[in-house]
Amino acid sequence: MTQRRLTVTHFGAFEVKTDGRSVTAVHGFSKDPDPSPIGQSLEAVVRNRVKRPSVRRSWLEHGPGSAAELRGVEPFVEVSWDTALDVVAADIERVRSTFGNTAMFGGSYGWSSA
């Protein structure tokens with residue numbers, strides 16, 4: 001079943017056409033006189049996004065800092081959302097209790113970081 005949905009991004013509003021599973025087309029919002037061409041990237045973004053949380057294998061099996069030499073080459077293991085949230089919460093607490101609140105940064109660097 002083909003559907004058209006309105007979505008809003010940093011770059012404006014777009015009408016996204018789907019087949020119920022995948023984005024099949026992106027159109028500028030009909031009331032936008034000059035829609036950004038960046039909207040055409042939405043199809044690839046949705047197709048290539050991470051679908052399930054994943055954790056580096058050695059981190060999952062042996063904890064923070066393990067097998068650092070494998071970063072960037074070691075496989076990731078898909079986990080449940082509950083497991084992913086537990087891993088993140090535990091590491092936030094590890095960093096906070098070891099180094100203090102000032103060791104954490106929770107924000108962005110502005111629009112240029114998008």
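Quick one: grab Rg to one decimal and Dmax as a whole number for the stretch 28-114, Cα atoms only, in Å.
18.5, 54
Going 7 Å from the Cα of residue 11 toward and past its Cβ, which residues in the stretch 26-56 have a backbone nitrogen under 18 Å from where you end up?
26-50
Which value, in debye to the nearest 20, describes the size of the charge dipole of the chain about its Cα centre when Lys and Arg Cβ atoms bear +1, Asp and Glu Cβ atoms bear -1, and nothing else is charged?
260
Would you mind checking the tilt of helix 81-99 against the longest principal axis of the Cα atoms of the chain, expressed as 0 to 90 degrees and rounded to 10?
50
What is the calculated FRET efficiency for residue 49 to residue 102, with r their C-beta to C-beta distance and R₀ = 35 Å, to the nearest 0.05?
Efficiency, from the Cβ-Cβ distance: 0.60.
If the only charges are +1 at each Lys and Arg Cβ and -1 at each Asp and Glu Cβ, what is the size of the charge dipole of the stretch 13-57 around the Cα centre, to the nearest 20 debye?
620
Taking only C-alpha pairs under 8 Å that are 6+ residues apart, what is the relative contact order of the chain in percent?
14
Taking the Cα centre of each part, how many Å lie between the stretch 80-106 and the stretch 1-68?
After rounding, the separation between the Cα centres reads 26 Å.
Compare the Cα positions of 22, 59, 90 along the charge dipole of the chain (+1 at Cβ of Lys, Arg; -1 at Cβ of Asp, Glu; about the Cα centre) and return the one farthest towards the positive end.
The residue sitting farthest along the positive end of the dipole is 22.
Using heavy-atom solvent-accessible surface (probe 1.4 Å) with all chains present, what is the largest-first order of 74, 93?
Order by accessible area, largest first: 93, 74.
The values are calculated or read from the model by the stated rules, or taken from the named source; none is laboratory data. For clarity, every value in this text was computed on a predicted model and none was experimentally measured. With ideal geometry, Cβ positions are generated from the backbone for all residues, glycine too; neighbour counts draw on all protein chains shown. Ligands, DNA and RNA are stripped out before the accessible areas are found, and what is left, the full protein with its side chains, is counted by its heavy atoms. Shrake-Rupley method; radii C 1.70, N 1.55, O 1.52, S 1.80 Å.
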